[in-house]
Structures are given as structure tokens and as C-alpha cells.
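Working notes, structure below.
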Amino acid sequence: MRQDISRHLIFDNATLKDALVALNNLSGGIMTLFVIDKEQRMVGTLTDGDLRRGLISGKTLTDAIASVMKRDFCFLRRSADNYRYLRELKQSHIHLIPLLDDDNRILDAIDLCSTVSMLPIDAVLMAGGKGERLRPLTLDTPKPLLQIGGKAIIDYNIDALIRNGVDNIFVTVNYLHEKIEEHFSNPRQGTSVRCVLEPKRLGTIGSVALIDDLKHDHVLVMNSDLLTTLSFEEMFAHHIDHQADLTMAVIPYTVSIPFAILSHEGDSVKGLIEKPTHNYLANAGIYIIRHQMLSRIKSGDYLDAPDFIEQLITDGHKVCHYRINGTWIDIGSPDDFRYAQELMSRPDFR
């Protein structure tokens, strides 16, 4: 999560006593100070451990903090590879990392305790469906706003994206769109979620063409009525590592036939297969797409995601899959809705 960094700033000519007071004011939070010079440039970091070690070595409370601060500190700059660097930082038990501009002035600070990643992607959530199989629940409430565990279904996905550092989020709406627009009329966790109204039903991916404010090279497109523990970070890394034009999340799906199945040629039986089981990978409704591929979607045309994917494959573009190793629920029926309610009541569900 992004932070109010003002309480974490201290000038390099402050004393150790000043630093003790500043750290005491941070009690209960992340105990890290960012040391800046008179030009507002970051020159070091300071923790209570740095102060203790300085005092033990003979420093006094009137000495300048520049004498004990850490000058070789970790930081981020605006980069598409920040998500990889964050993995390393978390293993170093760093809790707060500054984001610096080219002049080393602090633009922001990232709380690594609550931020999963910093993915350089835009996100589009599809929320225009009528949810007809869930009626009467969806007669007056769009399916994405149905409550699971006291929280709207779509908000689980929005919150997961925000934890992954995604801050350019769109929701395409149609059925009962006013209610979803009202739901996102205020920022969520400091992030504005922008609703885009379909002028007509455009299928499961056609409405992406209505969005003209995508700023990254890759876009995550997903159904808004899913519950999943999918790691967006791992899926994005897989997408990049395989240089895919589109990566689709998939789930294992097993079909068991409770009868003996014949192997035959014409009327001649060649053998029997007793109660066979077939394993498949099914489309999970979550995609990461190279931005330039979206130019293939014509504004105003109806288009479903499977048809778009088939077009990419036919034209020789690279389509990969990423397997979800965790929870995935498509809340399409009353039974799915009841199961999701039960699942979210478990304390171990994350």
C-alpha cells in the first residue's frame, strides 16, 4: 500500500534526539525514517537499530543523524521491472521502500507488508452481465455487487489488484450500471476505479475497445464475478518470461464417466474402457494481453474472449496458459453462490 510519507521524513542535520522523537511518533507503524538534505533529496535511511548501534559506539544525542544513518539504502525508480526487485526486497525483510525520481527526491513509499507486488499493467474487469441464473438475487443487484462474506464479489478482485500495485483500473458496465457506478463513485483504498458504460452488449471482451486511457504495455482483462487466489504476480511473470501475446489463466477440470466406454471400428467392438476419467484445462476468464493485440478489437463490435483468442492463434500469435494452483469459483449458479459463502466463512481462506 502507498503511504503518507511526511511522518517518515527527517533532515540530515537533525540530531539523534530529534530522530528518537520522530521514531517514537511512528510507534505502532513502520519504524523507518527517510533522511533528506536541504534540497529534499534522499541521502539515507534511519531505524531504531541504527540509533542504538550509534549510541553504543559512543555517539551522543546531540550528534547529527548523518553520522549514524545508512547511506547504502534500497529504493525504487519507475520501472516495469520493479515487481521482480520487490521479490528480492521482501526476502531482505525490508518493510518500507521509497520510490525516487531521477534527482533522488521521494515520489512515494511502498509498504511491503501490505503490497504484494508492483505490476506494470492496466486492468479491465467485465461487469456488464445480467446474472440471469442467479435470479431473483440479481433482479435488483448486478451480480458483481452480490455480497460474499459481507463484501461485494467484485471488491475481492479490485482489492487484490490494488495489493499488486495496479492503479489504472476500469470496470465495463451495462446491466444495472448505475449501481456499479455509484459503488465506485469514491476511490477504493486511494485508487480510483473508473466505470465505462457499454452502449450495447459487446460480449466478454468487446468492451475493452471502449477504453482509451490504457498506459501500460500489458493489460489484464478478467470477469468481475470470480473468486480466486490466483497470483497475478506469478501469472504476469509467466506471461513475460514466455513472451506471450496473450496468457490465459486455466483451471484443471476432470470429467468422470460412470460407464464402460467402447473402443470400436464400425459395429466391431475392439475393447472396453471401464469408467474412464478425462482431465482437461478450462478457461478461467482471466487474461493478460499485450496492449498492441487490443487494436484487433473494433469499437462497437460484439466479441467474446474465446473468439478473440481463436483469431490470435489462427494469425500465428503466441497464446500461452497459466495454471491456477488454488481457489477459483465462477459464481454462476445458486449452488456456486452458496459454496462461495461457505468458503469465505473459513478463517483459512485468503
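For the residue pairs LYS179/LYS200; LYS17/LYS90; LYS90/LYS318; LYS38/LYS215; LYS59/LYS90, the C-alpha atoms sit more than 25 angstrom apart in LYS17/LYS90; LYS90/LYS318; LYS38/LYS215; LYS59/LYS90.
The magnitude of the dipole of the stretch 122-344, with charges of +1 and -1 set on the Cβ of Lys/Arg and Asp/Glu and taken from the Cα centre, is near 200 debye. Please find the FRET efficiency linking SER67 to SER6, where r is the Cβ-Cβ separation and R0 is fixed at 22 Å, and quote it to the nearest 0.05. With a Förster radius of 22 Å, E is 0.35. The distance separating the Cα centre of the stretch 101-136 from that of the stretch 247-302 comes to 30 Å. The label point for LYS151 and the one for ASP336, both projected 7 Å from the Cα toward the Cβ, are 2.0 nm apart. Local charge sum around LYS200 (other residues, Cβ-Cβ under 15 Å, Lys/Arg +1, Asp/Glu -1)? Neighbourhood net charge equals 0. Shown here for the stretch 21-113: trypsin sites (Lys or Arg not before Pro) in loop regions (DSSP other than H, G, I, E, B) with at most 11 other Cβ atoms within 10 Å, namely LYS38, ARG71.
Can you tell me the 0 to 90 degree angle between the C-alpha axis of helix 334-344 and the longest principal axis of the chain, rounded to 10? Tilt of helix 334-344: around 30 degrees.
Take the Cα of ALA260, step 7 Å toward its Cβ, do the same at LYS275, and the gap between the two points is 1.3 nm. Using only Cα atoms and rounding to the nearest 10 degrees, what angle (0 to 90) does helix 232-241 make with the longest principal axis of the chain? Helix 232-241 sits at roughly 80 degrees to that axis. Compared with the dominant Cα axis of the chain, that is its longest principal axis, helix 82-91 is turned about 70°. The residues packed around GLN243, meaning those with a beta-carbon under 13 Å from its beta-carbon, carry a net charge of -1 if Lys and Arg are +1 and Asp and Glu are -1. Taking every DSSP beta bridge that has both ends in the chain, the antiparallel portion is near 65%. Neighbours of ASP103, meaning other residues whose beta-carbon lies under 12 angstrom from its beta-carbon, give a summed charge of -1 when Lys and Arg score +1 and Asp and Glu score -1. Once the Cβ-Cβ distance between LEU137 and TYR85 is put in as r, and R0 is 45 Å, what FRET efficiency do you end up with, to the nearest 0.05? According to the calculation, E is roughly 0.55. Available extension along the chain between ASP267 and LYS179 is 25.7 nm, counting 0.36 nm per residue and deducting the alpha carbon span. Helical content alone sets the calculated 222 nm signal of the chain at -6500 deg cm²/dmol, taking -39,500 (n - 2.57) per DSSP H segment of four or more residues and averaging over every residue. The simple spin-label model puts a point 7 Å past each Cα toward its Cβ; for ASN104 and HIS291 those points are separated by 3.1 nm.
Values quoted throughout were computed directly from the atomic coordinates according to the rules given, and no laboratory measurement underlies them. Only a predicted model underlies this, so the values are computations on that prediction, with no experimental measurement involved. So basically every Cβ, Gly included, is an ideal-geometry build from the backbone, and we count neighbours across all protein chains shown.
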